[in-house]
Amino acid sequence: MGPRQRRPALTATTISDPQSFIRANTRLRSVPLVPEIAVFLADESLPLWQQTENELNEAGLPPPFWAFAWAGGQALARYVLDHPDTVRDRRVLDIASGSGLVGIAAMKAGAVGVTVSDIDAFAIAAAELNAEVNQVHLTSCGKDMLDTQPNDRWQTILAGDIFYERDTAARTFAFLASHARAGATILIGDPGRSFLPKAKLVRLADYRVPVTRDLEDAEIKHTAVWTISPDSL
């Protein structure tokens, strides 16, 4: 989970076996704040980024956001496992799902079904692989969900670490607010990204999340789980 919705992915579909690529270039490790779950993670971003570009023979690809346990996703996964009533017996959407960590947590907490959505095809492949090793099933969706209209399909929507740039943050909040008005429970994990609309949210929990200095400015990120304030709907 992390800043993953930057542009449509042209990536994993051009590799014959993206899951083998993921296995070869990452390691299966327990997630620091969520040791109940293990996912395939990279040690560093740059070598994997370069390897992806080499494999695809294309420069300028987005970073491999799917290969890291971002602070917002870790906090959100921890919250879901500790508060299973938020997802139990519910149909759940994990938006900008990256590694699938949050969706896996929702399934382990008793969700009746979880769809993980990410526009990076590598993220979809990683989420499916990570679900398999954690012995849960996820339904995957590779399209941009932020333009879809609210419906009764999603009873809980999970959004980890997605408020990282202005346009994406605005689209994400509009998407989440529209579904909240339709009755969905909204849970957001965020370590204080620049465009998190705090004035429109209610803080539910706080965490100190171990992260990699390769991508963040600290080894521990103070991270919160939020929901949308009824006053902002």
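The values are calculated or read from the model by the stated rules, or taken from the named source; none is laboratory data. Since the structure is predicted, the reported quantities are computational estimates derived from the model, not experimental observations. Here the Cβ is made from the backbone with ideal geometry for all residues, glycine too, and neighbour counts use every protein chain on show. Calculation scope for accessible area: heavy atoms of the full protein, side chains included, ligands and nucleic acids excluded. Shrake-Rupley method; radii C 1.70, N 1.55, O 1.52, S 1.80 Å.
Assorted remarks:
- All strands (runs of 3 or more DSSP E) inside segment 140-220 with 3 or more residues being over 16 Å from the mean Cα position of the chain (by Cα): 201-210
- For segment 110-147, filtered to residues that are under 17 Å from ILE37 (Cα atoms) and of a type in the set (Asp, Glu), the residue that is most open to solvent (accessible area, probe 1.4 Å) is GLU132.
- Qualifying positions in segment 177-201 - of a type in the set (A, V, I, L, M, F, W, C) and surrounded by 13 or more Cβ atoms within 10 Å (Cβ to Cβ): ALA177, ALA180, ALA182, ALA184, ILE186, LEU187, ILE188, PHE195, LEU196, LEU201
- For PRO197: the one exception among (1) touching a residue at least 60 places away in the same chain (Cβ under 8 Å); (2) more than 30 Å from ALA24 (Cβ to Cβ); (3) touching a Phe, Trp or Tyr at 6+ places or on another chain (Cβ under 6 Å): (1)
- Pairs with Cβ under 6 Å, 6+ apart, first in segment 110-136 and part of a strand (DSSP E or B), second of a type in the set (Val, Ile, Thr): VAL114/VAL92; THR115/THR139; SER117/ILE95
- The single condition among (1) closer than 18 Å to SER117 by Cα; (2) open to solvent by 30 Å² or more (accessible area, probe 1.4 Å) that ARG166 does not meet is (1).
- Scanning segment 221-231 for residues that are over 13 Å from TRP70 (Cβ atoms) and either part of a strand (DSSP E or B) or touching a strand residue (DSSP E or B) at 6+ places or on another chain (Cβ under 8 Å) (or both) turns up HIS222, ALA224, VAL225, TRP226, THR227, ILE228, SER229.
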